[in-house]
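Quick notes on the structure that follows.
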Amino acid sequence: MIKGKHLIDPMDFTVEELNEVFELASQIISCPEKFSHVCDGKILATLFYEPSTRTRFSFEAAMMRLGGKILGFSEPNSSSVSKGETLSDTIKMVSIYTDIVAMRHPKEGSAKVASLFSTVPIINAGDGGHQHPTQTLTDLLTIKMLKKGLDNHTIGICGDLKFGRTVHSLIKAMSRYKGNKFVLISPQELKIPQYIREEILKKNNIEFIEVERLEDVIEQIDILYMTRVQKERFFNEEEYLRLRDSYILNKEKMSGAKDDMIVMHPLPRVNEISYEVDDDKRAVYFKQAEYGMYVRMALIAKLLGVL
Ligand code: NCD
């Protein structure tokens, strides 16, 4: 039962609880109309202190498709935040008006802080370079649907592994399933944080390698997770520009990959996947975004306890 819980970190739910969400998501996928009134009369707040299109629209579309309503902001300068209101006061107010909150904030740990002041479920839609658990629900559902389950995969993660919160959450979540191996591909400057290497990978005896060249390892990979270099987390523009185009997945590189490999990306992409790859049947990033909406529908319904 996840009714009333917060979702701040991908490990907040047990594997069984995640399965409940995925089970409901697949029922929704097979007949979305059946669920179009389950959240009648409920309100979701979307508090986005940092830019987003995909995630915010995905949450809002999910709630609307369940029959619920939404309120919120996508630009903190248009809210009382610009007058200096604290996060705790905003959350206390918003939890009076709404039944559930999805929030994104540039500071690591902010969703956790919000959950301490909220009387309704808080969903972390990204806290700085830390975690992004609903992207992980999206990623896990995509893998489950397209790669037949969550065990025994070689997962290549490529790009900004240092600041990419989706990467941190995905490694945490996939480390709970058996037989998964990681191939971590990044420039030296953008390697995974030490806590992920030590506390997740090494501690759980998970096989992983860290390399710099995608071409050298692409043939081993079952799931290739491409990521954008996270411009907004850099202190130095020059450094960003130097690293931005470290990886560009193109047709030529794809020719070295397995026939049934899938290419995922949390989106938005900048340069890291060329458009010519979009027509390849292995490119599933737009399908992944679609699954994201369905899994958020399931999550909202479960947290509200309406299903
Ligand atoms: C990701 C994010 O915000 O961390 N995007 C998303 O949620 N769809 C990845 C990114 O911005 O690069």
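Nothing in this text is a laboratory measurement; each read-out follows from the coordinates by a stated rule. This structure is a prediction, so every number in the text was calculated from the model and none was measured. All Cβ positions, glycine included, derive from the backbone under ideal geometry; neighbour counts span all protein chains shown.
Estimated purely from DSSP H runs of n ≥ 4, each contributing -39500 (n - 2.57), the mean residue ellipticity at 222 nm for the chain is -10000 deg cm²/dmol once divided by its residues. Summary value for the stretch 134-288: 24 percent relative contact order, contacts being C-alpha pairs under 8 angstrom separated by 6+ residues.
Taking other Cβ atoms within 10 Å as a rough exposure proxy, Glu20, Glu33 sort from fewest to most as Glu33, Glu20.
Listed by chain and number, the lysines whose alpha-carbon sits under 20 Å from that of Lys203, ignoring those within fewer than 8 places in the same chain, are Lys162, Lys172, Lys178, Lys181, Lys191. Between the helical axis of 285-304 and the longest alpha-carbon principal axis of the chain there is an angle of about 30 degrees. Amide H to amide H distances under 5 Å link Leu249 with Ile273, Ser274, where only residues 5 or more positions off or on other chains count and H is placed in the peptide plane.
Helix 133-146: angle to the longest alpha-carbon principal axis of the chain, degrees 0 to 90, nearest 10? It works out to around 60 degrees.
Close amide H pairs (under 5 Å, H built 1.01 Å from N) link Lys42 with Lys69, residues at least 5 positions away or on another chain. Couplings for the stretch 48-61, taken from phi via the Karplus curve 6.51 cos²θ - 1.76 cosθ + 1.60 with θ = phi - 60°, read 10, 8, 9, x, 6, 10, 3, 5, 5, 4, 4, 5, 5, 5 Hz in order; Gly and Pro are left as x. Based on Cα atoms of the stretch 134-288, Rg over Rh with Rh as the Kirkwood radius reads 0.93.
For a footprinting-style exposure proxy, rank Leu243, Leu161, Leu307 by other Cβ within 10 Å, fewest first.
On the way: Leu243 20, Leu161 24, Leu307 17.
The most exposed by this proxy come first: Leu307, Leu243, Leu161.
Roughly what percent of Cα-Cα pairs across the chain reach past 37 Å? Across the chain, Cα pairs with separations above 37 Å total 13 percent. Short-range pairs are left out: with C-alpha atoms under 8 Å and at least six residues apart, the relative contact order of the stretch 1-92 is 24 percent.
Sorted ascending by nearby beta carbons within 10 Å, beginning with the fewest, Val211, Val183, Val295 become Val211, Val183, Val295.
How high is the FRET efficiency between Glu189 and Ser78 when r is their beta carbon distance and R₀ equals 51 Å, given to the nearest 0.05?
Computed FRET efficiency for Glu189 and Ser78 comes out at 0.90.
Label sites at Ser274 and Asn236, each approximated as a point 7 angstrom past Cα along Cα to Cβ, lie 3.0 nm apart. Contact order for the chain, expressed relative to its length and based on alpha carbon pairs under 8 Å spaced 6+ residues apart, stands at 21 percent.
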